[in-house]
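Single-structure report; data block below.
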Amino acid sequence: MDKRFFNLFPGLTEEKAIELLKTPLEQLEDKSDRYLAASHLINFPSERSINALIAAVQDQDPVLDNCIARRKAVESLGRLKASAALPVIRSCLAEQDCYTVENAVWAIGEIGTEDEEILEEIAQLLEKPGQSYRLIIQVLAKLGYKPALDRIKKFTKSDDLPIASAAIATVCRLSGDRTEMDKVVELLQHSSVNARRGCIQDLIDAQHYEAIPQIVRCPVSLVFRLRAIRLLAEQGVPTGYLTFEEIEPCLDQVIRDHPVDLELVHEYDQKPSLEFVISELYHTDFGRCYLASKTLLDVYPDAAGEALMATFADKAHNDYGAHYHVVKLLGWLKYAPGYDLLVEALHNKAPQFQKSRAAAAIALGNLGDQRAIPQIKACLETPIFDLKYASLMSLEQLGDNTGSEIAANDSDWLLRAKAAKTVDHLASNSQS
């Protein structure tokens, strides 16, 4: 599990967080402090923290700030996989607040249980109006509760596409029936970004390996696609369904993340202005961002570099989505004045800008400036998979293959395989 985003309050100790969580709301200067404390205790998997979180869940004060803190406490107990908290989390399944119920279902899924009474209580929520049916279905699948199968089948026809997608994938998991999985694959090209993102998770859950090429071309953030490929590879390679040779070009394509390699689901009905296209880089639907990126490369290659530098100085430096696209585009455009910006992005350790680091490695490779080699090579010592993989690709593009020797002993098997292939290729060339 990637925990880079958990410890957002590094100065807050376990003792202080517990103290805040126990403090009555009326005594707090900031009513959100108990929520923050419940969130922060994920960093302290101790009995003290777990007991404090359980006590917070048991506080039935109906005030909204307390309800929000309770929901977060339930979530944190799930993240801590606190089996001792299972009884109190189970009691939340009967509550009227659908968000508390949702967090309780999710937490039980994280902790895990074979208790059929608890699983049946979760299944019965499918018949209760206003619940998070997609999550409920996913948890029932994860915990393998086959008695819920007929109730889940009803949701395969849901008008809510992410719910229908989860239901189809769950029918596949619990019964082995894959006849409707093509409907899930089709959602990779849906105009709704939520449908696209959701179906990727469902394809992972159903171990639908044949969808990998379509996942690679789906216009959503590379975070979703990369995670899918890695998880499917972890499931499929050891069992013989996949090989690294099949996975490698998919990883390369996703890490490179050029818009020409995607099947875009949006289009412009007329030539857009440069200002409009730049503004589209800030869209929350990355499908629109990729269309904007492709348009800048195809229609405005001469003016785009300067416009991108201007929007970066204005606000993209503080918007993690636009930041990512600006960085990648400067590389595709081979815009030399962007070199310093790219080096800065390569070393940006703020959690929300992490995917821009891999983007910067790729962009520096495209820029072709040899000065970047030591900077990129240093990134092979980080714990971030996509940054290391991108660095290997970039170093190879810059004509430096020594990075593969470093990555040959990496803890991640995909990086080791990538590096080994390069080392073997170099060895065979030297012999010939």
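The values are calculated or read from the model by the stated rules, or taken from the named source; none is laboratory data. Note that the structure is predicted; figures quoted are calculated from it, not measured. No Cβ is skipped: glycine too gets one built from the backbone with ideal geometry, and neighbour counts run over all protein chains shown.
Descriptive notes on the structure:
- Filter pass, PHE312 being of a type outside the set (Val, Ile, Thr), under 26 Å from ASP369 (Cβ atoms) and assigned by TED's automatic domain parsing to the domain that holds ALA363: yes
- Out of ALA169, ALA206, one residue alone is touching a Leu at 6+ places or on another chain (Cβ under 8 Å), at pLDDT 95 or above and of a type in the set (A, V, I, L, M). It is ALA169.
- No other residue among ALA417, ALA345 is of a type in the set (A, V, I, L, M), closer than 19 Å to PRO249 by Cα and in contact with a helix residue (DSSP H, G or I) (Cβ under 6 Å, 6 or more places away or on another chain) apart from ALA417.
- Any hit, segment 324-337, residues being closer than 26 Å to ARG196 by Cβ, under 26 Å from the mean Cα position of the chain (by Cα) and either of a type in the set (Gly, Ala, Ser) or not assigned by TED's automatic domain parsing to the domain that holds GLN370 (or both): yes
- With respect to the stated conditions, SER175 is touching a residue at least 24 places away in the same chain (Cβ under 8 Å), on the phi < 0 side of the Ramachandran plot, surrounded by fewer than 22 Cβ atoms within 10 Å (Cβ to Cβ) and of a type in the set (Gly, Ala, Ser).
- Pair list, Cβ < 6 Å and 6+ apart or interchain, from segment 348-370 residues that are in a helix (DSSP H, G or I) to residues that are acidic (Asp, Glu): ALA358/ASP386
- Members of segment 257-278 that are charged (D, E, K, R), closer than 24 Å to GLY365 by Cβ and surrounded by fewer than 16 Cβ atoms within 10 Å (Cβ to Cβ): ASP261
- Listing of helices (runs of 4 or more DSSP H) fully contained in segment 44-143 that carry 1 or more residues being crowded, with 19+ Cβ neighbours inside 10 Å, of a type in the set (Phe, Trp, Tyr) and not assigned by TED's automatic domain parsing to the domain that holds ASP202: 98-111
- Out of GLY287, GLY236, sole residue that is assigned by TED's automatic domain parsing to the domain that holds ALA167 and in a helix (DSSP H, G or I): GLY236
- Some residue of segment 370-393 being acidic (Asp, Glu), surrounded by 16 or more Cβ atoms within 10 Å (Cβ to Cβ) and at pLDDT 95 or above: yes
- Of the residues making up segment 213-233, those that are surrounded by 18 or more Cβ atoms within 10 Å (Cβ to Cβ) and either in contact with a strand residue (DSSP E or B) (Cβ under 8 Å, 6 or more places away or on another chain) or outside any helix (DSSP H, G or I) (or both) are CYS218, PRO219, VAL220, SER221.
- Residue in segment 391-400 that is free of Cβ contacts under 8 Å to residues at least 60 places away in the same chain, polar (S, T, N, Q), more than 21 Å from ALA233 (Cα to Cα) and assigned to a helix (DSSP H, G or I) present: yes
- Against the conditions (1) surrounded by fewer than 20 Cβ atoms within 10 Å (Cβ to Cβ); (2) not assigned by TED's automatic domain parsing to the domain that holds ASP298, ALA407 satisfies every one except (1).
- Taking segment 182-230 as the range and being small (Gly, Ala, Ser) and touching a residue at least 40 places away in the same chain (Cβ under 8 Å) as the test, the residues that pass are SER191, GLY198, SER221.
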